[in-house]
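The values are calculated or read from the model by the stated rules, or taken from the named source; none is laboratory data. The structure presented is a predicted model; accordingly, all values stated were derived computationally and were not measured. Using ideal geometry, Cβ is built from the backbone for each residue, glycine included, and neighbour counts are taken over all protein chains shown.
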Amino acid sequence: MGIGLLPATAYNPLFAAMEITTLAGAFPGRFLPGFGHGVSGWMDQIGARPRSSLNALEETVAAVRKLLRGELVNIQGEQVKLDRVQMQLTAAVQPPIFIGAMREKTLQLAGRMGDGTILTAMSSPEYVRWAVSHIRQGMDEAGRGEHRVVVYLDVKVNPDGKAAGLRQSRHWREEPRGRRRRSKRWGSRRRLRSIISSTGWKGRSGGCQRPGWSVCGGGDPEQAAASIRRASRPGRMR
């Protein structure tokens with residue numbers, strides 16, 4: 001059971017750890033909490049944008065992990081300040097901590113400190129492989145041997161596969177602002193436009209599945225499952 005991610009600066013580590021413990025107790029071995037930077041505009045709106053997003057994320061994850069283990073925590077960091085804080089109740093099954101990441105430094109941080117990494121939607125296989133290389137760099141620095149990578153995949157499912165393909169096509173033709181920024185940043189905007197304008201988008205399910213480019217999926221249940229399997233192949237790691 002995943003929750004996406006919690007913005008590191010929007011949650012005090014103690015209260016985050018308390019909520020994680022409750023859910024981990026209710027769903028032992030199934031709960032997958034994650035932390036990330038949060039949407040910068042939203043963090044500005046609520047007055048929670050830190051001086052250093054990377055430091056805030058690192059301090060938060062370190063503090064939450066110690067609290068989940070029941071340790072007495074003393075931290076006077078740039079973002080996190082805890083004075084002799086300790087949880088009296090901990091989960092019997094410790095949940096893994098995932099870190100949401102997009103760029104090099106955060107990916108390396110996820111490899112060093114996280115049990116897994118959450119990659120955003122519109123992550124092409126090439127991007128996943130590139131991200132995994134930075135995650136592995138962080139893992140090597142910390143001597144960590146296991147890691148899970150979660151990739152968001154936009155999937156539309158309908159018993160009528162053609163209807164699902166048409167819905168997916170309309171959704172991606174809108175090309176929201178955030179998607180435009182990401183596609184431009186990763187040098188993929190021209191490629192994305194080429195896919196959108198191709199005939200494969202005209203009602204065919206899984207139209208965004210092309211060699212080397214699997215950013216969404218859909219169709220009837222069997223086609224959607226096949227889309228997910230294709231998207232999960234690149235960069236697979238444990």
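Overview of results
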| read-out | value |
| --- | --- |
| Among residues of the stretch 77-106, those that are free of Cβ contacts under 8 Å to residues at least 24 places away in the same chain and out of contact with any strand residue (DSSP E or B) (no Cβ under 8 Å at 6 or more places or on another chain), counted | 3 |
| Any hit, the stretch 160-174, residues being at pLDDT below 80 and within 28 Å of I99 (Cβ to Cβ) | yes |
| Flag for V39 being at pLDDT below 90 and not charged (D, E, K, R) | yes |
| Some residue of the stretch 112-120 being within 23 Å of R30 (Cβ to Cβ), of a type in the set (D, E) and not assigned by TED's automatic domain parsing to the domain that holds R30 | yes |
| Helices (runs of 4 or more DSSP H) within the stretch 32-126 that include 1 or more residues buried (at least 16 other Cβ atoms within 10 Å of the Cβ), touching a Ser or Thr at 6+ places or on another chain (Cβ under 9 Å) and of a type in the set (G, A, S) | 53-68, 104-113 |
| From the options G145, G114, residue that is closer than 20 Å to V64 by Cα and among the small types (G, A, S) | G114 |
| Lone unmet requirement of (1) in contact with a strand residue (DSSP E or B) (Cβ under 9 Å, 6 or more places away or on another chain); (2) surrounded by fewer than 16 Cβ atoms within 10 Å (Cβ to Cβ) for V151 | (2) |
| Residues within the stretch 16-30 that are exposed (fewer than 14 other Cβ atoms within 10 Å of the Cβ), of a type in the set (G, A, S) and assigned to a helix (DSSP H, G or I), tallied | 1 |
| Residue in the stretch 210-226 that is modelled with the highest pLDDT, counting only those that are assigned to a strand (DSSP E or B) and farther than 19 Å from V128 by Cβ | G219 |
